[in-house]
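The values are calculated or read from the model by the stated rules, or taken from the named source; none is laboratory data. Bear in mind the structure is a predicted one, so any value in this text is a computation, not a measurement. Here Cβ is always computed from backbone atoms with ideal geometry, including for glycine, and neighbour counts include all displayed protein chains. These accessible areas exclude ligands, DNA and RNA; they are computed on the full protein's heavy atoms, side chains included. Shrake-Rupley method; radii C 1.70, N 1.55, O 1.52, S 1.80 Å.
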Amino acid sequence: SAGIKIDQMSKMLDLSPSDRVLDIGCGNGRAAYFKRASCGPLVAIDAGDHYAAETVATVDLARGDIRRLPFATASFDKAYSLDVIEHLTEDGVEAMLSEARRVLKPGGRLFLYSHVMMSSWLAQFQRKTTRLVHWLDRKGLVDNAPERERKSDHRNALTSYELLERLIDGAGFRIEDIRYYNVVFKAIFEDLLLPLVEHNVYGRKGKGKAPSTKSDASVEAGPAARPNVGTWAHGPLALATALMKLDVILFGRIRTGPFFLLLRSAETP
């Protein structure tokens with residue numbers, strides 16, 4: 001699904017070689033790594049420093065607070081932020097949007113992927129899949145701990161699209177385009193089948209007990225700890241990704257919580 005988010009960002013943000021681009025809340029920086037050749041100068045910023053090795057080698061990185069960006073006013077043409085604002089309070093989202101507006105040139109564009117706390121009728125399928133994964137986790141057939149930890153610091157401050165629209169308007173942006181992410185194929189392939197294969201095929205090969213602390217996990221999560229799945233897996237994974245794209249193609253106009261959002265800043269500061 002990370003690839004689907006990046007693909008959707010690329011289509012909506014329409015990066016070009018002349019664009020100076022900012023990745024706001026880049027995480028490990030792999031999105032910046034994959035998109036660095038699609039635009040002009042690309043800078044990525046995050047509060048942490050857990051960057052992937054390939055990102056460190058190829059992308060301009062900054063460590064800082066995305067609510068107080070350490071960049072000059074009107075210094076970027078476009079910006080994007082993937083899976084970030086759900087980690088912020090309402091005041092934090094407001095500050096981040098205002099700072100993004102400040103560092104973008106007049107008329108600049110900002111792409112966001114996140115969610116508000118609502119769901120469509122299609123989300124019933126994902127909820128049932130999630131309950132099944134939790135049951136499998138209790139039975140020891142999958143390991144859902146990484147997903148729980150990943151979401152443990154979510155603030156989920158966006159309670160409605162009305163609130164999101166007020167924050168967008170207050171920051172000096174307007175909505176140019178929006179698509180929604182109703183996950184059906186993603187729930188099947190990424191949430192259910194992939195954890196089953198990882199845990200039961202690769203997770204039991206030469207593995208000891210799971211790391212008990214975060215520091216242990218960081219040591220064991222390096223390239224040597226990754227299973228060598230072999231090139232035979234590329235085809236099935238590519239097929240699964242192609243099918244997962246149908247979630248946006250078929251259901252992207254049905255309003256739900258997760259969204260792909262393209263904003264344009266005001267023409268004057």
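Below is a table of values for the structure above.
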{"quantity": "Filter pass, Pro211 being at pLDDT below 95 and either in contact with an Asp or Glu (Cβ under 9 Å, 6 or more places away or on another chain) or closer than 28 Å to Arg131 by Cα (or both)", "calculated": "yes"}
{"quantity": "Which listed residue, of Gly64, Gly92, is within 19 Å of Phe173 (Cα to Cα), small (Gly, Ala, Ser) and at pLDDT 95 or above", "calculated": "Gly92"}
{"quantity": "Complete set of residues in segment 83-128 that are part of a helix (DSSP H, G or I) and of a type in the set (Phe, Trp, Tyr)", "calculated": "Phe125"}
{"quantity": "Matching residues, segment 64-78, being among the polar types (S, T, N, Q) and open to solvent by less than 40 Å² (accessible area, probe 1.4 Å)", "calculated": "Ser75"}
{"quantity": "Matching residues, segment 36-59, being open to solvent by 30 Å² or more (accessible area, probe 1.4 Å), in contact with a helix residue (DSSP H, G or I) (Cβ under 7 Å, 6 or more places away or on another chain) and of a type outside the set (S, T, N, Q)", "calculated": "Arg36, Glu54"}
{"quantity": "Cβ-Cβ under 6 Å pairs, at least 6 apart or on other chains, segment 124-138 side on the phi < 0 side of the Ramachandran plot, far side open to solvent by 80 Å² or more (accessible area, probe 1.4 Å)", "calculated": "none"}
{"quantity": "Candidate set from segment 22-62 (those that are assigned to a strand (DSSP E or B) and in contact with a Cys (Cβ under 8 Å, 6 or more places away or on another chain)); member that is farthest from Ser1 (Cα to Cα)", "calculated": "Leu61"}
{"quantity": "Among the candidates Asp177, Asp143, residue that is within 28 Å of Asp65 (Cα to Cα), outside any helix (DSSP H, G or I) and acidic (Asp, Glu)", "calculated": "Asp177"}
{"quantity": "Selection from segment 234-253 of residues that are surrounded by fewer than 13 Cβ atoms within 10 Å (Cβ to Cβ) and at pLDDT 95 or above", "calculated": "Ile249, Arg253"}
{"quantity": "Odd one out for Asp65, checked against (1) under 21 Å from the mean Cα position of the chain (by Cα); (2) part of a loop (DSSP other than H, G, I, E, B); (3) in contact (Cβ under 8 Å) with a residue 24 or more places away in the chain", "calculated": "(3)"}
{"quantity": "Members of segment 94-128 that are among the hydrophobic types (A, V, I, L, M, F, W, C) and open to solvent by less than 60 Å² (accessible area, probe 1.4 Å)", "calculated": "Ala95, Met96, Leu97, Ala100, Val103, Leu104, Leu110, Phe111, Leu112, Val116, Leu122, Ala123"}
